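This report concerns only the one structure given below.
The values are calculated or read from the model by the stated rules, or taken from the named source; none is laboratory data. All values derive from a computational prediction rather than experimental measurement. Because the Cβ atoms are built from the backbone with ideal geometry, glycine has one as well, and the counts that use them run over all protein chains shown.
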Ligand SMILES: Cc1ncc(COP(=O)(O)O)c(C=O)c1O
């Protein structure tokens, strides 16, 4: 079996499995906010995990807020930044058309509250149009309440110029939310060096338990609680902490630090795989290939061959890929990300996303290449070169 849907959800990584089994056997289990000895032990383990996460992400310990994942982090940032921005005359929200629906739907929600929602165009290579962003900032800097642009796209893997955007935002005192969900755990990331105000991620994208995540905030005291609760996470996120899950975040990030080098091999192998599939089928298109991408994502299309048909063929060989992001799998249409890039329906309907991770054996690409060749030959009634 080859699992090639890491961008949807990565399998729990081996270091986390090992840690978690032992942790469940050994305990202790208690409420981390309890003042008895077991509570203190649990709290200490959780806070040690926070320190490990902070170090791995180049953030301060106090800037790490544990939560349930990226969707929650994104919602909390919108809720906090846009709470009073209208009162200060800041009424514009800028995102791009390639953002995850967790961002787009928040922006649309705040549009109903009186904000002006502007969608930054994306170039054909999958990168947002920085020149237009610079113009918009120049024209309207006093009116922009927040800018939200992702670090890496979940479908194409294309890396966005988030450091440049952070500089632009910092120079103009505009809050910047960067959705780092598909970047953290795949590429080196330093919150401090990035200059970003708010970054979010989900544990299940990099080998930790699902239902866990991190919100990084440059100034956490600017955040409003989304879940009010009993003052946990310094009043920023109420509810008894999922301490076992948060411990796995630290283990998974430490595992990435240890094994991150494997991504270089994966990237080399991925580029060989892409070159070979294009050699066999010159019609094949790799979306976003001219731009910098995270090492382990390929978004490939054979114009005219439906992506879902390819997915079924690959699945019959025990290879699990998706046709676009998991959330839009039921729509047999060109995804909004590809539409934003100006991709035609003929290509857009044909895409298959292959996403691996540092635990994947390199030979996976050889097996995917063979299976994809068979699928294209069968579905396109053609012979490869
Ligand atoms: C770029 C991006 N942002 C946000 C999310 C939302 O993550 P979650 O569903 O774990 O909250 C995802 C998940 O696919 C994603 O890929």
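Just the residues that are in contact (Cβ under 8 Å) with a residue 40 or more places away in the chain, more than 22 Å from residue 141 (Cα to Cα) and in a helix (DSSP H, G or I), please, taken from the stretch 75-114. Result: 75, 76, 101, 102. Being away from the ligand (no atom under 16 Å from the Cβ), assigned to a helix (DSSP H, G or I), at pLDDT 95 or above and within 23 Å of residue 275 (Cα to Cα) is a description that applies to residue 310. The requirement of being modelled with pLDDT under 95 and either more than 15 Å from the chain's Cα centre (by Cα) or at negative phi (or both) is not satisfied by residue 195. In summary, residue 159 fulfils each of the numbered conditions (1) within 29 Å of residue 349 (Cα to Cα); (2) within 16 Å of the ligand (Cβ to nearest atom); (3) surrounded by fewer than 16 Cβ atoms within 10 Å (Cβ to Cβ) with the single exception of condition (3). Among the residues of the stretch 188-195, is there at least one that is more than 16 Å from the ligand (Cβ to nearest atom), crowded, with 19+ Cβ neighbours inside 10 Å and assigned to a strand (DSSP E or B)? No, because not a single residue in the stretch 188-195 is more than 16 Å from the ligand (Cβ to nearest atom), crowded, with 19+ Cβ neighbours inside 10 Å and assigned to a strand (DSSP E or B).
Residues in the stretch 196-224 that are part of a loop (DSSP other than H, G, I, E, B) and either within 14 Å of the ligand (Cβ to nearest atom) or touching a residue at least 60 places away in the same chain (Cβ under 8 Å) (or both): 206, 207, 208, 209, 210, 211, 212, 218, 223, 224.
For the stretch 162-186, which positions are more than 16 Å from the ligand (Cβ to nearest atom), touching a helix residue (DSSP H, G or I) at 6+ places or on another chain (Cβ under 9 Å) and free of Cβ contacts under 8 Å to residues at least 40 places away in the same chain? Listed by number, the residues that qualify are 163, 164, 166, 168, 169, 171, 172, 173, 174. Being surrounded by 17 or more Cβ atoms within 10 Å (Cβ to Cβ) and more than 16 Å from the ligand (Cβ to nearest atom) is a description that applies to residue 43.
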